[in-house]
1. Can you tell me the length gained on complete extension of the stretch Glu118 to Phe37, counting 0.36 nm per residue apart and subtracting the Cα distance?
2. Could you tell me how many degrees, from 0 to 90 and to the nearest 10, lie between the Cα long axis of helix 17-34 and the main elongation axis, the longest principal axis, of the Cα atoms of the chain?
3. Using only DSSP helix segments of four residues or longer, with each worth -39500 (n - 2.57), what per-residue ellipticity at 222 nm results for the chain after dividing by its residue count and rounding to 500?
4. How charged is the neighbourhood of Glu111? Take every other residue with its Cβ under 15 Å from the Cβ of Glu111, and add Lys/Arg as +1 and Asp/Glu as -1.
5. Classify the chain as rounded, prolate or oblate, taking a ≥ b ≥ c as the square roots of the eigenvalues of its Cα gyration tensor: rounded when a/c is under 1.5, otherwise prolate if a/b is larger than b/c and oblate if not.
Amino acid sequence: MSDQAGLSDQYRMASPWPLFVALGIPIAELGILFGVFVVAVGGLLLFCGSVTGMLREADYVETVWRPLLVFAVFLFAIGSVLAFTEVSLVARGYAIITTGAVLAAAGIGGELFVPKREPV
C-alpha cells in the first residue's frame, strides 16, 4: 500500500506561485503604506505576475499577456483615484499607476512579439 494514493509521477506536487503571492501582498502594502515608491512598484509587480502565473499554470488562460493587461487597467483605475482625488495620496497613486504602465507594456509587448504556442 502506498502512502500517496492516487498521485502520479507525471504531475508536480507543489506550485511555487502561492509563496510569491504571499510575499507580493505585504511588500506592496508596506510600500504603499509608507510611500516607498520602489517597494510599492516591486511588490505590486510580484503580486500581479504571480497571480498571472497561477492562472496560466491552472490553464484558466492561454497566455499570461492578457491577464497582465487586465491587471494594468485595474491598477490604472485605482492609482488614478488615489492620485487625482486625495492630495495626501498622490505619491502612492503614482506608484500604482507606474506599476500599471509596466504591466501594460509587458502585456502589449508579449502579445505583439512573443510567438504563439502550437497546440500539441
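1. Extra length available between Glu118 and Phe37 comes to 25.2 nm.
2. With rounding to tens, the tilt is 10 degrees.
3. So the helix-based figure for the chain works out to -24500 deg cm²/dmol.
4. +3
5. Verdict is oblate for the chain.
The numbers here are math on the coordinates, done by the rules we state, and not lab data. Since the model is a prediction, treat every value here as computed from it, not as a measurement. For neighbour counting, all protein chains shown are included, and Cβ atoms are generated from backbone atoms with ideal geometry for every residue, glycine included.
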